Amino acid sequence: MSIVVTGATGHLGRLVVEQLLEKVPAERITAVVRTPEKAADLAGRGVRIAVADYNAPETFDGLFAAGDRVLLISGNEFDKGRVQQHRVVIDAAEAAGVALLAYTSAPGSLTAALADDHRGTEEALLASGLPYTLLRNGWYHENYTEQLAPVLEHGAVVQAAGEGRISSASRADYAAAAVAVLTGEGHENRTYELGGDQAWGFAEFAAEVSRQTGKEIDYRPVSVEEYQGILAGAGLPGPLAAILAGVDASIEKGELVVDSGDLSRLTGRPTTPLADSVAAALEG
Ligand SMILES: NC(=O)c1ccc[n+]([C@@H]2O[C@H](COP(=O)([O-])OP(=O)(O)OC[C@H]3O[C@@H](n4cnc5c(N)ncnc54)[C@H](OP(=O)(O)O)[C@@H]3O)[C@@H](O)[C@H]2O)c1
């Protein structure tokens, strides 16, 4: 019986595997990756590497075993039909009779188009009859703290979220929640709404960056249309720019405020303050 993590060479997947290695022997962990070269360090530490692609169902044949606990990390190929991709993993897990399939979803309150694939995957997972855990991850701090270069260049945080607030947390916090579910008991058929302990708005984010850099940084709220144009102008494909601008509209409506307390309850500690992630990004 293994703990199997898909998307293991992504940002979140790497953190999950790192944190699993602190809790269970390496030989009990399987990292599912597309490119084994990217996982050479994990293989070197004794983690089993399985090569598979959500776009190629046959690559999942025989990958799972009865009793495995599986974390399906949602993919990032927005243009390739992510529900069908995720269904490939669910079908293989069902055929093998895994003990648990945990899926990294999005908050139940999120109505932006970005959430459609997550709702579709949740439906497929529930229809499979597999024991499931829905990890409805809220936003990552890093969505913003890893995008500081244009903020520092222009002295402005430009978003289309008005006074909306977000309860984000660090990726490491969400990884810890996944590890708690994969290594703990009693998480079958549960849905967790995961978010940071403190919600914040973009004016506060700008003030925090300002405080830590000593530079004057303001929040410049723009319309959703203007923001979409800015993202497209920065080189994002049109459909992706529309999806991301739609998220800001949801933030303004309060859809990314998650106040369930599930994240700190699952991990047993407070979530990482936004200021810590800003500091880490500035150091990095
Ligand atoms: N909550 C949030 O704020 C937030 C923000 C961004 C994304 N997300 C979602 O959460 C997921 C994890 O976040 P992240 O930061 O770890 O994203 P990430 O670094 O982009 O990782 C995505 C992972 O999915 C894997 N993947 C993509 N397409 C695949 C395919 N066809 N077959 C197999 N694996 C595939 C990638 O494999 P490779 O390593 O080979 O590229 C990568 O490991 C994202 O994919 C996205 O769905 C959430």
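The values are calculated or read from the model by the stated rules, or taken from the named source; none is laboratory data. Given the structure is predicted, the values throughout are model-derived calculations rather than measurements. When we count neighbours, we look across all protein chains shown, and the Cβ atoms used for this are built from the backbone with ideal geometry, even at glycine. Side chains are part of the model used for accessible areas, which takes the heavy atoms of the whole protein and leaves out ligands, DNA and RNA. Shrake-Rupley method; radii C 1.70, N 1.55, O 1.52, S 1.80 Å.
Regarding Ala241, is this residue free of Cβ contacts under 8 Å to residues at least 60 places away in the same chain and within 20 Å of Asn76 (Cβ to Cβ)? Spell out the reasoning first.
Working: free of Cβ contacts under 8 Å to residues at least 60 places away in the same chain: yes; within 20 Å of Asn76 (Cβ to Cβ): yes.
So Ala241 passes the test.
Taking first residues from the range 136-160 that are assigned to a strand (DSSP E or B) and partners that are among the acidic types (Asp, Glu), the Cβ contacts under 7 Å between residues at least 6 apart in sequence or on separate chains come to Arg136/Glu193; Ala156/Asp218; Gln159/Asp248.
Kindly indicate which of Ala43, Ala96, Ala106, Ala92 is without any contact (Cβ under 8 Å) to a residue 40 or more places away in the chain and near the ligand (Cβ under 9 Å from one of its atoms). Full working, then the answer.
Working: Ala43 fails: near the ligand (Cβ under 9 Å from one of its atoms); Ala96 fails: near the ligand (Cβ under 9 Å from one of its atoms); Ala92 fails: near the ligand (Cβ under 9 Å from one of its atoms).
The conditions single out Ala106.
Among the residues making up the range 162-189, a single one is under 12 Å from Phe205 (Cβ atoms) and over 20 Å from the mean Cα position of the chain (by Cα): Gly164. Residues considered: Val83, Val5, Val33. Of these, the only one that is more than 10 Å from the ligand (Cβ to nearest atom) and touching a residue at least 24 places away in the same chain (Cβ under 8 Å) is Val83. Select from the range 52-73 the residues that are buried (at least 22 other Cβ atoms within 10 Å of the Cβ) and near the ligand (Cβ under 7 Å from one of its atoms) and write down the one among them that is nearest to the chain's Cα centre (by Cα). The qualifying residue nearest to the chain's Cα centre (by Cα) is Ile73.
Here is a yes/no grid of residues against (1) farther than 19 Å from Ala281 by Cβ; (2) loosely packed, with under 15 Cβ neighbours inside 10 Å:
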{"site": "Val158", "(1), (2)": "no, no"}
{"site": "Phe205", "(1), (2)": "no, no"}
{"site": "Arg211", "(1), (2)": "no, yes"}
{"site": "Glu225", "(1), (2)": "yes, yes"}
{"site": "Ile243", "(1), (2)": "yes, no"}
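Taking the criterion of being without any contact (Cβ under 8 Å) to a residue 40 or more places away in the chain and either in contact with a Gly (Cβ under 9 Å, 6 or more places away or on another chain) or not in a helix (DSSP H, G or I) (or both), the only residue of the range 123-135 that qualifies is Gly129.
Each row is one residue, and each column tells you yes or no for (1) within 16 Å of Ser277 (Cα to Cα); (2) open to solvent by less than 10 Å² (accessible area, probe 1.4 Å); (3) touching an Asp or Glu at 6+ places or on another chain (Cβ under 8 Å).
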{"residue": "Thr133", "(1), (2), (3)": "no, yes, yes"}
{"residue": "Ala149", "(1), (2), (3)": "yes, no, no"}
{"residue": "Gly162", "(1), (2), (3)": "no, no, yes"}
{"residue": "Asp173", "(1), (2), (3)": "yes, yes, no"}
{"residue": "Ala199", "(1), (2), (3)": "yes, no, yes"}
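The number of residues in the range 18-30 being of a type in the set (A, V, I, L, M, F, W, C) and either farther than 24 Å from Glu94 by Cα or within 13 Å of the ligand (Cβ to nearest atom) (or both) comes to 3.
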